[in-house]
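The values are calculated or read from the model by the stated rules, or taken from the named source; none is laboratory data. Keep in mind the model is a prediction, meaning the values are calculated, not measured. Positions of Cβ are backbone-derived with ideal geometry, glycine not excepted, and every protein chain shown enters the neighbour counts.
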Amino acid sequence: MLNFPWKKSLNLSFHFVPNKNTFMNQLFQVYKSSAGSGKTFTLVKEYLKLCLKAESHFHFSSILAITFTNKATLEMKERLLGALKSISENESDDLVSLLVQETAMEETQIREKCQFVLTNILHNYGDFSISTIDRFTHRLIRTFAKDLGLPLNFQVEIDPKRILEESVERLIQGVGIDRHLSNMLFAFAYYKIEENKSWRIDEDLIDFAKLLLDDQNSIYIEGLKKCKQEDFIQLRKTYQKQNKEFVSQLNAICEKANQLILDSGIDASMFYRGKTGIYSYFDRNTKGFSLKSVEANSYVRTTIEEDKWYASKATSGDKLAIDGISIQLKEGYYEVQNLLESELANYLGREAVIKSLYTLSLLTLIEKQMGAFKKEERILPIADFNKKIAEVVLQEPMPFIYERLGDKYNHYMIDEFQDTSELQFMNLLPLIEESLGRGKMNLIVGDAKQAIYRFRGGEMKQLAEMPNYRPKNFEDNPWVSQRLETLESQYQELELAKNWRSKDEVVKFNNAFFQFISTHEQFKEGAGKVFTDYKQEVKADLKQGMIDIFILEDKSKESHLEQTLVDVLEAVNDGYSYSDIAVLCSQNKDASLVANYLQQKNIPVISSEALLIKSAPQVRFLINLSKWIFNQEDVLAQKGILVFLSEAGMLKGEIDKHLNWCIKNENRLVDYLADYGFNLNLINLKLMPLHALFEELIRTFELNKKFDLYVQFLQEEVYAFSQNNGNNFNAFLEYWEEKNEKLALDIPADINAVEVLTIHKSKGLEFPVVIMPFISSQARKVKGYLWVKPSKIQEAPLPYALVEAQSDIENSAFAEKYHEEKEQVNSDFLHQTYVAFTRAADRLYLRANALSKKGNEESLANLLLQFASEEHLEKVDEEHERFIWGKRQNKSEINKVEESKEVSLPFQLSYHSSPWFDKLKISREAEQEWELLDQDGARVYGNLLHELLAKVTQPSKAKEVVNEYFRSGKINSVEAKQLLDKLKEILTNSKLQPFLNPQLKRKREATLMTEKGKILRPDLVVMDNDYWAVIDYKTGEKSEAHQAQVLEYVAVLKQMTELPIEPYLFYTESGELVKV
C-alpha cells in the first residue's frame, strides 16, 4: 500500500487573508506566502477545486503546474495523489470542509468525484502535468526543434563545463592563423604579466565565459555582438590616454607644491604632524596614482581648514618660512581637490573598464566558437532553453510554439515564483495572458522573503512588486507591456498569514527580529522593505518553543564545533532524536567540518558532504596508493598512504617515524610496506586493468574483510569509467578530480542521524531543532562583475562594459551600479537569514562570533546583539553574551513523541573479492587461434590499425593509445611494438602530414548515410575553408574497389558542402598517398 506523507498534514483549519484590493472575480491569483504558511497545501487545494468544478473527470489534464526542482515536483504529486486518496477513503475531513465551503458542492459529491479523478490520473499518468520549468521548456524545444533551428536529435548538456573548455581551446588554437585574434590573445597575456599574474589565459577565459550561460547577460552580449574588435582596442587606447593625462595633471600640481617646500628649505618635521601631514600629502602624490594617497587624512584637513601649519617644535624662523608659502600650498591643495571632484569618478570608471576589456573583447568570439561546437556536437545546454524560446516569444503576439499548448492547457499554476528568472517569466507570460483571455483561472505562489537563488537568475522583484513590476530589459517591447497590463487587470492578491510549522515562541521571535530588521537604519530604505509589516499568526499561543543566542568570545572553528556538539547533546537529553536535529551552515566547507567533527564524536550524521565518497579515509587511501604506483615521486601521495596505515593501526609507531624513514631512504616506500607484509609488484599492478588494480589493492590491504559502502561505490565508479573510457589511469585520475565533489552515496531518508546541510539546501524543509554555527561578525563583500554603460563617462563605441565589483567602483562614475549590487547583496543576506531562522519548529540555536573592535554594523552577529538589547532578552549569565527567548522544554512536553526509526542492516555483509586471473585463463596460443581464422593475420592486423588510427593523429599520442590496448589485453607485447612502429611511420609520413595539422577541422570515422540508407564511415574527413578532403586508409594491396569506395564517400559529402572535395587513398604498407 502506498504511504502518502499527505496524511500527516491534513488536520489544518486553513484560511487565507484577502488583500484590501482583492476582487473575488479576478482570475490571476497571486498568493504571497511566508515560511510554514501552507503554500503547498494551498496549491493542492486550488488544484482540487479546478478538478471538482469541471464537468469532466479528466480536467486534471488541462492543468499545468510548474515547480523549480525535481524534489518539489515529486512532493506536489505525492500531496495531490495523497489528498485524492484520503478524500476518496472518507478521510481528510478538514480539507473536505474547506472544499465544501469554497466550491458550494456537497461532501458526497466531492468524495465521489475525487475517486474518479484519482482513478483517471493513475490510468492516464502521462497527462498528469506537474513539471519543473526546465522539463517544460525542454519539451517545448524538442517539439519545435526544427522551427527553432535545432537538429531534431539534439542532446541536452547538463554540465556546460565541457562546452566552455572546448570553445576556449578552439579559440586559442586560432593563434597563428587569425592575426587579429593572435594579437588580442598575446596582448591579454602580456597584460596579465604586467599585473603580476600568470601569463596563462585559458582559465581566465573559461571563468569569464560562464557569463554566456546566464540568461540575465543575454541582452548585454547581444549588444556587444554589433561591435567590432577595433572598437574595443580604440576604447582601451582612449581611456588609457585620458587616465594618463589625469595622473600627469595630478602629479604636476603636487610636484609644484612639493618643490615649493624644498626650495624654502623647510624640514618636513616642522609642519603640523610632521611626515603624516601636508608635506607627506604632496610628496606621495608626485608620482603615479593611488586612491588611498589622494585621500586627505584628518591632519591634512586640519592644516587647511583650521590653518594649523606648525609643529610644536618649529622655530620662529620655520614658522616665518611656512607662512611665506602656506597660501600657495593651500591653493595647490584646493587645485588637487577640484581635479579629484571633476575627474576622479571618471578616472576610476575608465580604469575599471580597462581591466576587463581584453576578456570582454574575446567574449563574443568565444560565443561564436560555442555556437559552432554545439552545432557540430548536436547539443544544447539547459542554460540555452529560455533564450531559444525567448527568440520567438518576444517577437510575436501569440508565439507559434504555444499554439498547441493553448488547446491542451486551460490553467497555469507556478510555485516558488520568487525564484523565477526574468526571462522565464517573459516566456510564460503569453500562456498566462492567453488563458486569462479565455476566462480561465491562473495562480502564482511565492515568498519574496525566501528569494535566495539570485545567483541562478531568480528575480524576486517580480513577486514583491507585482502587479506593477516592469522589467527594465524589456521595457521597450510592446508585447511584454501588453501582457503585463492584462495580468494587472486580472490581478488578485491573497496572503497566507498563519504559520503552521513552528511553535508560537519561534514565530514571535521571527516576527520581532524581522520587524526590527525592516526598521534598522542600514536596511529600512532598501533590503529591509520586503519585511515591512511582516507578522505571522501563530497556530496556537501555548508559550512553547525556544531561541538560544550565544555570542562566542572564542571565534575559532574548534570553539563552534565544540558548542555544536554541546547543543546536539542537550537536545538529545531533552528527548529529541538525532533525526530531529539539523545543523545549518552558510558554506559547504563549514558543513563538511561539522559533519566530520560529529562523526568523530560518534554522532550519526547525514550530509551531502559526509556522504561524498572522497570523504572516506579508505577511499582517499586507495586513490593515493594508485597515484603513487604510477608515480613514485608523488610525495603527497606517499604521505597520505602512511597517514592512513598509521591511523588504521597497520603500521606501528608514530607517523613521523614512518615519514622520516621514507625521506631518508629515497622514498623506497615499496620496501617499507613489504617489511609490514604488504607486498606490491608495481610492474604487474601498472599493467592491470583499472578495476582489477583496485581490487588487488583492496585485498592486499585487507579492506575487503567487511562490507564498505564507500569502497564498493568507488569500485562501481572505476568499473563504469573503464567500460566507457578504457583503462588509462591518467584519464581516470582527471575524471576523479573533476567528479569527486559530486560522487555521493544514496542512503535511506528515515535514518536516525543529525542532518548537516547548507542553508540553500534547507529551503523547503523543517526540523524540530535547528543549530546555526559560524554566524559571522564580518562585513559582506560585493563580488563578481557589473554591467555598466561606458556612456556614463563619455560617448563610447561600446554600449556595455564589464567592471569588477571592487570597492573603488563605489567612488567611480558607476557608483550607482555598485550601490545597486550592494543592496542586492544585503537582500541576499536577509533572505538567507530568514530561510535559516524559519526552518525550526521547536528550537533555534544561534552561535555567532564575538564582534571585533571594527565589528560591522550590518553583520548578523551585531544585529543579533542589537536586537537582544532592544528586546531586553533574558541573559543566561553575566559572564557571557548569551540570551534566551522562550523556554527550554522537554520534547514530550510540547510534542507527541513518536518512536525513533533507526535504519540498520539486518545482517553482516561482506565485500567479495578474488583475483581476476583465478577466474579467467587466457590461452597463450591466442596468436595461433587468430591465424586459424585468418591465415596471415592480415584482417586482424588491418582492423587493429584502423582502430588505432581512428583514435590518434599525432605521433606523440601513439604510445599512450597502444599501451592502453596492451593493458586491456587486446594485443600482446609483440603486436604492441609492431603496431606502435607502424603508427609512428604513418603519422610522420610527409605526404599525410598536411591533413593531420591540428589547426584543421577533422572528423575521424564520421558516420554518413546514402539516400538508400547505406551506412558509410570514411577514415578521415578534413574540412578546410577552401576545400574538403576525404582519406581512407588501406592495409592491403591496391584495388579498383578502393577507388569506388572513396568516390562513394565523395558523392554523399557533396550534399553537405559546395566546396571542392579531394578524395585520397593512403596505403599503410607502402606509405603511398594516391589521389583518386
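In table form, for the structure just shown:
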read-out	value
Residue list for the stretch 776-797, restricted to those being over 30 Å from Glu230 (Cα atoms) and among the β-branched types (Val, Ile, Thr)	Val782
Residue ID - nearest to the chain's Cα centre (by Cα), chosen from residues in the stretch 977-999 that are closer than 17 Å to Gln173 by Cβ and buried (at least 16 other Cβ atoms within 10 Å of the Cβ)	Leu996
Index of the failed condition, Glu1062 passing every other in (1) under 42 Å from the mean Cα position of the chain (by Cα); (2) modelled with pLDDT of 90 or more; (3) of a type in the set (D, E, K, R)	(1)
Odd one out for Gln618 among (1) modelled with pLDDT under 85; (2) surrounded by fewer than 18 Cβ atoms within 10 Å (Cβ to Cβ)	(1)
Residue match in the stretch 1013-1024 (condition: in contact with a Lys or Arg (Cβ under 8 Å, 6 or more places away or on another chain) and either of a type in the set (Ser, Thr, Tyr) or part of a loop (DSSP other than H, G, I, E, B) (or both))	yes
Count of residues meeting criterion [surrounded by fewer than 18 Cβ atoms within 10 Å (Cβ to Cβ), among the basic types (Lys, Arg) and farther than 16 Å from Ser342 by Cα] in the stretch 231-250	2
Given (1) touching a helix residue (DSSP H, G or I) at 6+ places or on another chain (Cβ under 8 Å); (2) among the polar types (S, T, N, Q); (3) exposed (fewer than 12 other Cβ atoms within 10 Å of the Cβ), number of the condition Ser167 does not satisfy	(3)
Complete set of residues in the stretch 798-833 that are among the β-branched types (Val, Ile, Thr) and within 29 Å of Lys228 (Cβ to Cβ)	Val803, Ile809
Failed criterion for Val572 (all others in (1) assigned to a loop (DSSP other than H, G, I, E, B); (2) of a type in the set (Val, Ile, Thr); (3) out of contact with any Leu (no Cβ under 8 Å at 6 or more places or on another chain) hold)	(1)
Conditions (1) farther than 30 Å from Phe630 by Cβ; (2) under 46 Å from the mean Cα position of the chain (by Cα); (3) at pLDDT 85 or above; (4) crowded, with 17+ Cβ neighbours inside 10 Å: number failed by Leu1008	(3)
Number of the exception - Gly174 against (1) of a type outside the set (Ser, Thr, Tyr); (2) under 30 Å from Ile233 (Cα atoms); (3) modelled with pLDDT under 85; (4) surrounded by 12 or more Cβ atoms within 10 Å (Cβ to Cβ)	(3)
Condition met for Arg135 (within 28 Å of the chain's Cα centre (by Cα), surrounded by 14 or more Cβ atoms within 10 Å (Cβ to Cβ) and not assigned by TED's automatic domain parsing to the domain that holds Ser421)	no
Residue satisfying all of: in the stretch 724-752; modelled with pLDDT of 85 or more and out of contact with any Leu (no Cβ under 9 Å at 6 or more places or on another chain); nearest to Thr833 (Cα to Cα) among these	Asn752
Residues of the stretch 312-347 that turn out to be surrounded by fewer than 17 Cβ atoms within 10 Å (Cβ to Cβ) and over 60 Å from the mean Cα position of the chain (by Cα), as a count	9
Residues satisfying the stated conditions in the stretch 154-186, i.e. within 24 Å of Lys228 (Cα to Cα) and basic (Lys, Arg)	Arg170, Arg179
Condition check for Met105: part of a loop (DSSP other than H, G, I, E, B) and either free of Cβ contacts under 8 Å to residues at least 12 places away in the same chain or among the aliphatic types (A, V, I, L, M) (or both)	yes
Residues being part of a strand (DSSP E or B) and in contact with a His (Cβ under 6 Å, 6 or more places away or on another chain) - total across the stretch 42-98	1
Criterion violated by Asn667 - all others in (1) assigned to a loop (DSSP other than H, G, I, E, B); (2) at pLDDT 90 or above satisfied	(2)
Failed item in (1) within 21 Å of Asn943 (Cα to Cα); (2) crowded, with 16+ Cβ neighbours inside 10 Å, with Ser1039 passing the rest	(2)
Filtered residues of the stretch 718-731 (kept if closer than 10 Å to His691 by Cβ and in contact (Cβ under 8 Å) with a residue 24 or more places away in the chain)	Val718, Tyr719, Phe721, Ser722, Asn727
Qualifying residue in the stretch 196-205 (condition: in contact with a Leu (Cβ under 6 Å, 6 or more places away or on another chain), touching a residue at least 24 places away in the same chain (Cβ under 8 Å), assigned to a helix (DSSP H, G or I) and of a type outside the set (A, V, I, L, M, F, W, C))	no
Pairs where the first residue, in the stretch 355-367, is touching a residue at least 24 places away in the same chain (Cβ under 8 Å) and of a type in the set (A, V, I, L, M) and the second is crowded, with 21+ Cβ neighbours inside 10 Å and not in a helix (DSSP H, G or I), C-beta under 7 Å, 6+ apart	Leu360/Ala801; Leu360/Leu802
